């Protein structure tokens, strides 16, 4: 099942900071590497009978899921923002300036 590019989960909108939205490719790559590292670490811990290492599988799955979907969510957010931007009206008069510029 593919996620719709129109839907960005509300929790992601609250948790992901603006820096991550500006640098999506780098952040998605870092999240993917972190997911692989957590998976590797979880396997090692479980192999040595530290079963709490299985919790790292959950964290790895979450990081991988966000890394996979983040570029699609970025496209959806860009589309939303482009629809919400006010478009300037043609033939609009300039604003009143109390102190007009004086030519020297």
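The values are calculated or read from the model by the stated rules, or taken from the named source; none is laboratory data. Computed from a predicted model, the values in this text were never measured in an experiment. In this analysis, Cβ positions are derived from the backbone assuming ideal geometry, glycine residues included, and neighbour counts consider all displayed protein chains.
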Selection count, the range 38-54, where residues are free of Cβ contacts under 8 Å to residues at least 12 places away in the same chain and either in contact with a helix residue (DSSP H, G or I) (Cβ under 6 Å, 6 or more places away or on another chain) or within 22 Å of residue 16 (Cβ to Cβ) (or both): 2
Count of residues meeting criterion [surrounded by 13 or more Cβ atoms within 10 Å (Cβ to Cβ), more than 30 Å from residue 81 (Cα to Cα) and modelled with pLDDT of 95 or more] in the range 37-67: 12
